[in-house]
Amino acid sequence: MTKIPFAGRAPRIDPSAFVAPGAVLIGDVEIGPEASVWYNVVLRGDMNRIRIGARSNIQDGSVVHVDPARPGGPDDGFPALIGEEVLIGHLAMVHGCTLHDRAFVGLGAIVMDGCVIESDAMLAAGAMLTQGKRIPAGQLWAGRPAKYVRELRAHDMERMHEGVAHYAALRRRHMEAVKG
């Protein structure tokens, strides 16, 4: 892992979190308890803040970036605020958005500035959620650009919860392997 301070801010990582070798953390990045940041992930908090909640995971090759405040835009700019137990699939691009607790971003998906994915909502693999869109709780969106597909079913929710448990356990195993 590479940690790079930027503009007077340095990445902060809870001791129980796993950050894989090859991951790059820049600037104002905070990673919560039991979270996992996998191989070759880039968290670039150079222009705004990135927050990753407990037991969330950002899978291999994903990029999380932010935008600063600009004239005519939101006072806070576009930080990347990732709640607890969020699943972000391999090679996702997450940019200046908010992912509430238990949100799901499929592999290869793109989430753009100002987007919100509410709790227990899912953006499908390969989808692109364009700027400022919101996925309400309990919905599945897919496509480029992403659109509403259907309400999530109990078995969809169960699989997301299993994914969180899987990555929490895998985090522990990889922490041991990296130490070894």
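The values are calculated or read from the model by the stated rules, or taken from the named source; none is laboratory data. These numbers come from a predicted model, not from an experiment. In case anyone asks, the SASA skips ligands and DNA or RNA and just uses the protein heavy atoms, side chains included. Shrake-Rupley method; radii C 1.70, N 1.55, O 1.52, S 1.80 Å.
For segment 17-110, what does the relative contact order come out to in percent, with C-alpha contacts under 8 Å and a separation of six or more?
Once normalised by length, the contact order is 22 percent.
For segment 15-107, what does the accessible surface come to per residue with a 1.4 Å probe? Please give it in Å². Show your work: numbers first, answer last.
Details: 3250 Å² over 93 residues.
Accessible surface, normalised per residue, equals 35 Å².
For the chain, give me the percentage of DSSP beta bridges that are antiparallel, rounded to the nearest 5 percent. Could the numbers behind the result be given before it?
Details: 6 of 49 bridges.
Antiparallel: roughly 10 percent of the beta bridges in the chain.
Based solely on its DSSP helices, what 222 nm [θ] is calculated for the chain when runs of n ≥ 4 H residues each add -39,500 (n - 2.57) and the sum is averaged over all residues, nearest 500 deg cm²/dmol?
-5000 deg cm²/dmol
Sort segment 105-180 into rounded, prolate or oblate with this rule: let a ≥ b ≥ c be the square roots of the eigenvalues of the Cα gyration tensor; rounded if a/c is under 1.5, and if a/c is not under 1.5, prolate when a/b is larger than b/c, oblate otherwise. Provide the component values of the computation, followed by the final result.
Working: a/c = 2.80, a/b = 1.74, b/c = 1.61.
Verdict is prolate for segment 105-180.
Any number yet on Rg/Rh for segment 49-180, C-alpha, Kirkwood?
That ratio is 0.99, to two decimals.
Determine which aspartates and glutamates satisfy two conditions relative to Lys133: a Cα distance under 14 Å, and not lying fewer than 8 residues away in the same chain.
Lys133 reaches Asp113, Glu118.
In percent, how large is the relative contact order of segment 57-144, given Cα pairs closer than 8 Å and 6 or more residues apart?
Once normalised by length, the contact order is 22 percent.
Give me the lysines in straight-line cross-link reach of Lys3: C-alpha distance below 30 Å, same-chain residues under 8 apart excluded.
Lys179
Report D for segment 1-90 in µm² per second (integer): Stokes-Einstein, Kirkwood Rh on Cα pairs, 25 °C, 0.890 mPa s. All intermediate terms of the calculation are to be shown ahead of the outcome.
Values: Rh = 12.8 Å.
D = 191 µm²/s.
Enumerate the calculated ³J(HN,Hα) couplings along segment 146-156 in order (Karplus 6.51 cos²θ - 1.76 cosθ + 1.60, θ = phi - 60°), each rounded to whole Hz, writing x wherever the residue is Gly or Pro.
The phi angles translate into 5, 9, 4, 10, 5, 6, 6, 9, 4, 5, 5 Hz.
What is the antiparallel percent of DSSP beta bridges lying wholly in segment 1-82, to the nearest 5?
Of the beta bridges lying entirely in segment 1-82, close to 10 percent run antiparallel.
Share of antiparallel DSSP beta bridges in segment 101-172, in percent to the nearest 5?
On the way: 4 of 12 bridges.
Within segment 101-172, antiparallel bridges account for around 35 percent of the total.
Using amide H atoms built in the peptide plane, which far-off residues or other-chain residues are under 5 Å from Arg12 H to H?
For Arg12, whose amide H was placed from the backbone, the distant partners under 5 Å are Val29, Glu30, Ile31.
Taking the convex hull of the alpha carbon atoms in segment 68-144, what volume per residue do you get, in Å³?
On the way: hull volume 5.7 nm³, N = 77.
Spread over its residues, the Cα hull of segment 68-144 gives 74 Å³ apiece.
Taking springs between alpha-carbon atoms closer than 10 angstrom, which of Asp67, Asp28, Asp156 fluctuates most in the Gaussian network model of the chain?
Residue with maximal mean-square fluctuation among Asp67, Asp28, Asp156: Asp156.
Taking H as built 1.01 Å from N, whose amide H comes closer than 5 Å to the amide H of Val19, not counting residues under 5 places away?
Residues meeting the amide H criterion: Val37.
With every protein chain left in place, what is the accessible area of Lys147 in Å² (1.4 Å probe, nearest 10)?
120 Å²
Given the Cα-Cα distance of Glu151 and Asp75 and 0.36 nm per residue of separation, how much length would full extension add, in nm?
On the way: separation 76, 0.36 × 76 = 27.36 nm, distance 3.33 nm.
Length difference between fully extended and current span is 24.0 nm.
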